[in-house]
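Take a look at the structure set out below.
The values are calculated or read from the model by the stated rules, or taken from the named source; none is laboratory data. Keep in mind that this is a model prediction, so the values were computed, not measured. When we count neighbours, we look across all protein chains shown, and the Cβ atoms used for this are built from the backbone with ideal geometry, even at glycine.
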Amino acid sequence: MIRVLIVDDSALIRRLLTELLSAESDIEVVGTARDPYDAREKIKQLTPDVLTLDVEMPRMDGITFLRNLMRLRPMPVVMVSSLTEEGAEETLEALALGAVDVVTKPRADVSHALAGYGEEIVAKVRAAARARVRPAPGGRAAAPARPHQRTTDKVVAIGASTGGTVAVQRLLETMPPNAPATVITQHMPPGFSAAFAARLDGLCAVSVHEAQDGQRVLPGHVYIAPGDYHLELHRDGSRYVCRVREGEMVNRHRPSVDVLFDSVAQCAGSNAVGVLLTGMGADGAAGLGRMRQAGAHTIAQDEATSVVWGMPGAAVKAGAAVEVLPVERITEAILAAVAPPSSPETQR
């Protein structure tokens, strides 16, 4: 049984989440807490496996509580918040601190609307129970010192889900400013992708954008799929461009990693590198396989450094990954894959 403690200042939300989660045969709601002080005592008494945590609460906000929790007693946390665009930075901060995932509360008609989120909430609680939780890293990894040749032909495609915001940040922070053009699909609710891109842009040497339809894809730049839209890579003559579209969900996701990877396989082929990071489910595994078949170099994050080894694990089992690496070695592998082969003259 997965033992869950629900932390929320709303009695209605506590009751609805309790009913929703308790309906599952493998989940037991062992208690609820109205604020972080109440939660602190109940964590000691009830030893839950997973915490659901609201961001906005009286007496102590959820981010401050999460920061203390991850320092003193790291455990799987799913953020359940009504904050969207205006509070995206707080939720991204929660993910950076070690929260496993986030679910947004409906803003209106909560009783009926929350039931529609039931399948998602249950899936994320189950994934959190299996997650490898680590406190936020104390410092950034050093950027690779080896030289890197600029190229306009190579493109990197990255897919991620649960735990991916931190993994993506770790990769991009170690990318040099002349890194190959990079397109990213991170499973993320609408309203968070712009804040995520802005956050990364302030931390990284590369320029990070929320992708726009028709936007030219250039070296030294990173393009992140907008929440609730698929991102594809297309060619416009000799140039790469972003295509952003709605369309049906693929693998129950929009944006879908498979949609991105399939487009990269078709228009970049062997000039691409595909990277599949931590995440729940199997989205991206088949697409990574098609990238490999098209001649791309493909990399999957290893199990030991993944929060949830669902997506990369599925890719590895299907033979889609050329390399399986810990997250801290993936940037080096990307740069090695896109570097031009050494000629006899350069080796003398």
- prompt: Given (1) at pLDDT 95 or above; (2) within 24 Å of residue 228 (Cβ to Cβ), where does residue 267 come up short, assuming only one miss?
  reply: (1)
- line: In region 169-207, anything in a strand (DSSP E or B) and closer than 22 Å to residue 287 by Cβ is listed as 181, 182, 183, 184, 185, 186
- request: Look at residue 241 and say whether it is among the aliphatic types (A, V, I, L, M), more than 17 Å from the chain's Cα centre (by Cα), within 24 Å of residue 132 (Cβ to Cβ) and surrounded by fewer than 22 Cβ atoms within 10 Å (Cβ to Cβ).
  value: no
- line: Among residues of region 250-285 being in a strand (DSSP E or B) and closer than 16 Å to residue 321 by Cβ, the residue nearest to the chain's Cα centre (by Cα) is 279
task: Go through the residues of region 133-152 one by one and say whether even a single one is under 21 Å from the mean Cα position of the chain (by Cα), modelled with pLDDT under 95 and among the β-branched types (Val, Ile, Thr).
output: yes
query: Quick one: would you say residue 231 is in a helix (DSSP H, G or I) and under 30 Å from residue 119 (Cβ atoms)?
result: no
message: For region 292-314, check the following and say yes or no: at least one residue is among the hydroxyl-bearing types (Ser, Thr, Tyr) and under 16 Å from residue 225 (Cα atoms).
response: no
Strands (runs of 3 or more DSSP E) completely within region 7-94 that count 3 or more residues being closer than 30 Å to residue 194 by Cβ: 50-53, 77-81
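Here is a yes/no grid of residues against (1) in contact with a helix residue (DSSP H, G or I) (Cβ under 7 Å, 6 or more places away or on another chain); (2) of a type in the set (Asp, Glu):
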residue	(1), (2)
5	yes, no
25	no, no
36	yes, no
51	no, no
89	yes, yes
97	yes, no
- request: Considering every residue within region 294-303, establish whether at least one is more than 27 Å from residue 194 (Cα to Cα) and either basic (Lys, Arg) or assigned to a helix (DSSP H, G or I) (or both).
  value: no
- line: Inside region 171-193, the number of residues satisfying the requirement of being touching a Pro at 6+ places or on another chain (Cβ under 9 Å), farther than 19 Å from residue 153 by Cβ and surrounded by fewer than 18 Cβ atoms within 10 Å (Cβ to Cβ) is 1
task: Mind listing just one residue for me: the one in region 210-227 that is under 16 Å from the mean Cα position of the chain (by Cα) and either modelled with pLDDT under 95 or outside any loop (DSSP other than H, G, I, E, B) (or both) and, of those, nearest to residue 181 (Cα to Cα)?
output: 222
